[in-house]
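The values are calculated or read from the model by the stated rules, or taken from the named source; none is laboratory data. Bear in mind that the values here come from a model prediction, so they are computed numbers and not experimental data. So basically every Cβ, Gly included, is an ideal-geometry build from the backbone, and we count neighbours across all protein chains shown. Each accessible area value is taken on the protein alone, full model and side chains, heavy atoms only, with ligands, DNA and RNA left out. Shrake-Rupley method; radii C 1.70, N 1.55, O 1.52, S 1.80 Å.
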Amino acid sequence: MTVEMDELRTTRFVCVCPPKELHDGARRGRTEEIRAQLANMGFDGDARLFLGDGGGLAVSSGSELFDDGKVVVAFCGELTNKEALLQKLLPDDDQAVADQMKEDNVAAKLIGKLYEQLGEHPQGLVGKLRGTYTFIIFDIEQVRMFAARDYSGPTPLYQSRLADGTTVLSNYMTQECDADSEVPVGHYVYGARRCSFPLPES
């Protein structure tokens with residue numbers, strides 16, 4: 001199924017991550033502050049919020065989403081190699097692959113599982129994906145963000161850094177993320193770093 005451009009534009013996400021402190025205790029009690037930051041970026045009561053003392057993610061209702069309590073993935077677009085990726089994850093179970101392909105959030109789920117497999121090297125994830133997409137991963141336990149925009153780039157990705165050191169990532173323009181903060185196509189953002197994609201896997 002091809003994802004229409006109107007659908008791509010209505011899938012919105014924004015993630016904020018204040019600077020990490022030397023002591024975990026310094027981040028405690030910031031949940032309401034993070035909630036207020038997200039509310040100021042245009043999300044209403046229909047949004048899904050994922051909050052922690054070290055960051056937060058807001059995702060528009062109806063978005064393709066994966067959430068296992070530790071990692072949240074918001075995905076916008078289409079993966080053209082979903083079945084091949086599932087066969088690698090489930091090499092001995094054709095029925096499980098077929099069942100997974102019928103699920104609504106299969107792309108977000110695949111990205112979440114690949115991220116968990118790659119551990120400390122999530123940048124290897126983008127080399128495994130084929131398609132048209134923008135996505136963000138919010139790791140609640142590790143308090144880190146990973147986002148990517150494919151080479152064709154029909155949906156944008158923005159990255160900015162506020163005066164207090166807070167990193168903001170979104171796929172739509174806000175007061176904090178304007179046209180000057182747009183991430184180029186074929187790039188990913190890991191924490192505050194912006195890098196071009198590695199060579200794709202064959």
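Summary table below
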item	result
Residue 96 being over 22 Å from residue 174 (Cα atoms), of a type in the set (Gly, Ala, Ser) and modelled with pLDDT of 90 or more	no
Filter pass, residue 70 being among the basic types (Lys, Arg), open to solvent by 70 Å² or more (accessible area, probe 1.4 Å) and at pLDDT 90 or above	yes
Qualifying residue in region 160-179 (condition: open to solvent by 10 Å² or more (accessible area, probe 1.4 Å), over 25 Å from residue 53 (Cα atoms), touching a residue at least 40 places away in the same chain (Cβ under 8 Å) and not β-branched (Val, Ile, Thr))	no
Criterion violated by residue 117 - all others in (1) touching a residue at least 40 places away in the same chain (Cβ under 8 Å); (2) under 23 Å from residue 56 (Cα atoms); (3) more than 15 Å from the chain's Cα centre (by Cα) satisfied	(1)
Qualifying residue in region 163-179 (condition: of a type in the set (D, E, K, R) and closer than 18 Å to residue 73 by Cβ)	no
Residue match in region 177-192 (condition: modelled with pLDDT of 90 or more, within 19 Å of residue 19 (Cβ to Cβ) and either touching a helix residue (DSSP H, G or I) at 6+ places or on another chain (Cβ under 6 Å) or not hydrophobic (A, V, I, L, M, F, W, C) (or both))	yes
Hits in region 20-36 - residues which are surrounded by fewer than 19 Cβ atoms within 10 Å (Cβ to Cβ) and modelled with pLDDT of 80 or more	31, 32, 33, 35, 36
Out of 49, 65, sole residue that is without any contact (Cβ under 8 Å) to a residue 24 or more places away in the chain, of a type in the set (A, V, I, L, M, F, W, C) and in a strand (DSSP E or B)	49
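Matching residues to (1) aromatic (Phe, Trp, Tyr); (2) assigned to a strand (DSSP E or B); (3) within 24 Å of residue 16 (Cβ to Cβ); (4) open to solvent by 50 Å² or more (accessible area, probe 1.4 Å):
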{"position": "85", "(1), (2), (3), (4)": "no, no, no, no"}
{"position": "99", "(1), (2), (3), (4)": "no, no, no, yes"}
{"position": "112", "(1), (2), (3), (4)": "no, no, yes, no"}
{"position": "127", "(1), (2), (3), (4)": "no, no, no, no"}
{"position": "133", "(1), (2), (3), (4)": "yes, yes, yes, no"}
{"position": "136", "(1), (2), (3), (4)": "no, yes, yes, no"}
{"position": "142", "(1), (2), (3), (4)": "no, no, yes, yes"}
{"position": "147", "(1), (2), (3), (4)": "no, yes, yes, no"}
{"position": "155", "(1), (2), (3), (4)": "no, no, yes, no"}
